[in-house]
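Encoded as structure tokens, the structure appears first; notes follow it.
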Amino acid sequence: GEGLAVSARVAPLGSRLVLLLVEDLTDARRIEAVRRDFVANVSHELKTPVGALSLLSEAVMDASDDPEAVERFAGRMQIEAARLTSLVQEIIDLSRVQDDNPLDDAEPVAVDDLVAEAVDRCRHPANAKQITMATGGAPDLYIWGNRSQLAAALGNLVENAVNYSPARTRVGIAGRRVAAPGGDLIEISVTDQGTGISEKDRDRIFERFYRVDPARSRATGGTGLGLSIVKHVAASHGGEVTVWSAEGQGSTFTLRLPEAAVSRDGRDRSTAVA
Ligand code: ADP
């Protein structure tokens, strides 16, 4: 009698335990698979510029009696070295945004500052393509978050907008406050008149190393990591990044992030009260 009662009580608990264990295991497997995938991708991505550098250095040696050729090859070596540098930097950035909790050193970050910094970062490529950067005034908008991570996120979106737009187009960056059930949010949108992104690619562009057109991305110095960094930063701040796009017309990327409670004189409301 008693044995049966006990096993009847244990059985549902046991099966739930087994279920938890299985879930844990599949979760661990999934994480392991993602990690393995990432390492494989990184190795592949590193091999491209390293391989090119190795071939180019051989070419330089073979062309030692042709100064013009040497100069040409050396120039291409510089481009490959720069690509390698930016790839390594983005891998470091990505691992940093994945490992650090951005809210550990969160502070009110002015949207105006973020926008100015992002525009500054893209000034050269934008000027080269005669792209007009139009920023909507966003005074008194503050995000609660990690300044450098937020700057990296917006910088990536603006950089993409410039990279994937034809010459003499316009990139708009605008910030605004939107009411949301869990408290106000700050929305920053980056709109371009570029190539646009097909529906089938729209879900995938936030994956690490995913590019719609790898050759084009590489040509503009892209690594395929930018949007995965943006997505991580948004999520770890309790926000999100979304994309709207029409092929051949352009795209709008929108960051939604928690607002910081800052009064109009720029002081944190909570400290102002204390
Ligand atoms: P990348 O370094 O290649 O720019 P990202 O992760 O930033 O990597 O973006 C992934 C891909 O998404 C890009 O290779 C590009 O194909 C596409 N993409 C990103 N932003 C835009 C945009 N504003 N317009 C069109 N395509 C874009």
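The values are calculated or read from the model by the stated rules, or taken from the named source; none is laboratory data. If you're wondering where the values come from, they're calculated on a predicted model, not measured in any experiment. Note that each Cβ is placed from the backbone with ideal geometry, even for glycine, and that neighbours are counted across all protein chains shown.
For this structure, a couple of remarks:
- Extreme residue, farthest from the ligand (Cβ to nearest atom), among residues of region 155-173 that are in contact with a Cys (Cβ under 9 Å, 6 or more places away or on another chain) and farther than 13 Å from H124 by Cα: G155
- Filter result for the condition that a residue is surrounded by fewer than 15 Cβ atoms within 10 Å (Cβ to Cβ) and either aliphatic (A, V, I, L, M) or part of a strand (DSSP E or B) (or both), over V42, V34: V34
- Verdict on E117 being under 23 Å from T220 (Cβ atoms), at pLDDT below 95 and surrounded by 12 or more Cβ atoms within 10 Å (Cβ to Cβ): no
- Residues (among the acidic types (D, E) and within 15 Å of the chain's Cα centre (by Cα)) located in region 58-99: E90, D93, D99
- Selection status of A179, within 15 Å of N160 (Cβ to Cβ) and more than 13 Å from the ligand (Cβ to nearest atom): no
- Qualifying residue in region 61-80 (condition: within 30 Å of A174 (Cα to Cα) and part of a helix (DSSP H, G or I)): no
- Residues of region 120-138 that turn out to be among the hydroxyl-bearing types (S, T, Y) and either surrounded by 19 or more Cβ atoms within 10 Å (Cβ to Cβ) or assigned to a helix (DSSP H, G or I) (or both), as a count: 0
- Where a residue in region 182-206 is free of Cβ contacts under 8 Å to residues at least 12 places away in the same chain and its partner, wherever it lies, is within 11 Å of the ligand (Cβ to nearest atom) and in a loop (DSSP other than H, G, I, E, B), with Cβ under 9 Å and at least six apart: E199/E247; D201/Y210; D201/V212; R204/Y210; R204/V212
- Check on G250, near the ligand (Cβ under 7 Å from one of its atoms) and buried (at least 18 other Cβ atoms within 10 Å of the Cβ): no
- Among the residues of region 192-240, those identified as of a type in the set (A, V, I, L, M, F, W, C) and either more than 10 Å from the ligand (Cβ to nearest atom) or in a helix (DSSP H, G or I) (or both) are A215, A219, L227, I229, V230, V233, A234, A235.
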